[in-house]
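Enquirer: Quick one: the structure is below, and I'll ask about it shortly.
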Amino acid sequence: MGAIYNAFGTIDIFKKYPFTIGGSMTPQFDFKKEWEKTKDQLIKISKEAAIIAKKGEEELVKFSQKGKMRMDATAAGLKKEQLYYLIGKEYVKVKEPGKQSAQLKKLVEEMGKIEKEQRLLQKKLKTVQ
């Protein structure tokens, strides 16, 4: 195909490639065929996105559970520290080294419960990770 020149001696692209200014498309473009392809691709992508979102949700739940267990273990540790303080304070009040008061017995029992709870939480944390 030969080039079409205008009066200035340059190639007149508008005569060689006829289209209208403003971006209207040629009637050769078939939207229905393209829409079917695009629609299938969009459906496929949306299904994949749903699967990824579900996996992300499961990971978020697992992460939340781990965080809660860590917080519970930390709270048990702090409570244990407080009980050590209270046991020491009560022991000094009694003034007889071999004798235990009712309050001291209660604190020691509570300490045992908290230690069991803390060990259980630590085991759960190890198995979850």
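Quick note: the coordinates plus some simple rules give every number you see, no bench work behind them. What you are looking at is a predicted structure, and each value in this text was computed from that prediction instead of being measured. Cβ placement follows ideal geometry from the backbone for every residue including glycine, while neighbour counts extend to all protein chains displayed.
Enquirer: Tell me the net charge near SER46. Cut-off is 12 Å between Cβ atoms, SER46 excluded, with +1 for each Lys or Arg and -1 for each Asp or Glu.
Expert: Surrounding charge for SER46 is +1.
Enquirer: So which of LYS79/LYS99; LYS89/LYS116; LYS55/LYS124; LYS80/LYS113 end up more than 19 Å apart, counting from Cα to Cα?
Expert: Cα-Cα > 19 Å for LYS79/LYS99; LYS89/LYS116; LYS55/LYS124; rest within.
Enquirer: Let me ask another. Tell me, LYS116, LYS126 in order of fewest to most beta-carbon neighbours within 10 Å?
Expert: LYS126, LYS116
Enquirer: Sorted by packing (mean other beta-carbon atoms within 10 Å per residue), highest first, where do 89-95, 31-37 land?
Expert: 89-95, 31-37
Enquirer: Between ALA102 and ALA75, what's the calculated FRET efficiency when r is the beta-carbon distance and R0 is 25 Å? Round to 0.05.
Expert: The pair ALA102/ALA75 has a calculated efficiency of 0.45.
Enquirer: With a Förster radius of 30 Å, plug the Cβ-Cβ distance of MET111 and ILE52 into 1/(1 + (r/R0)^6) and report the FRET value to the nearest 0.05.
Expert: 0.05
Enquirer: Also: Step through the residues of the range 78-94 one at a time and calculate ³J(HN,Hα) from phi using the Karplus curve (6.51 cos²θ - 1.76 cosθ + 1.60, θ = phi - 60°), rounding each to whole Hz and writing x for Gly and Pro.
Expert: 5, 5, 4, 4, 5, 5, 4, 4, 5, 5, x, 5, 5, 4, 5, 5, 5
Enquirer: Could you compute the net charge surrounding GLN103? Neighbours are other residues with a C-beta less than 9 Å from the C-beta of GLN103; K and R count +1, D and E count -1.
Expert: Value of the local net charge: +2.
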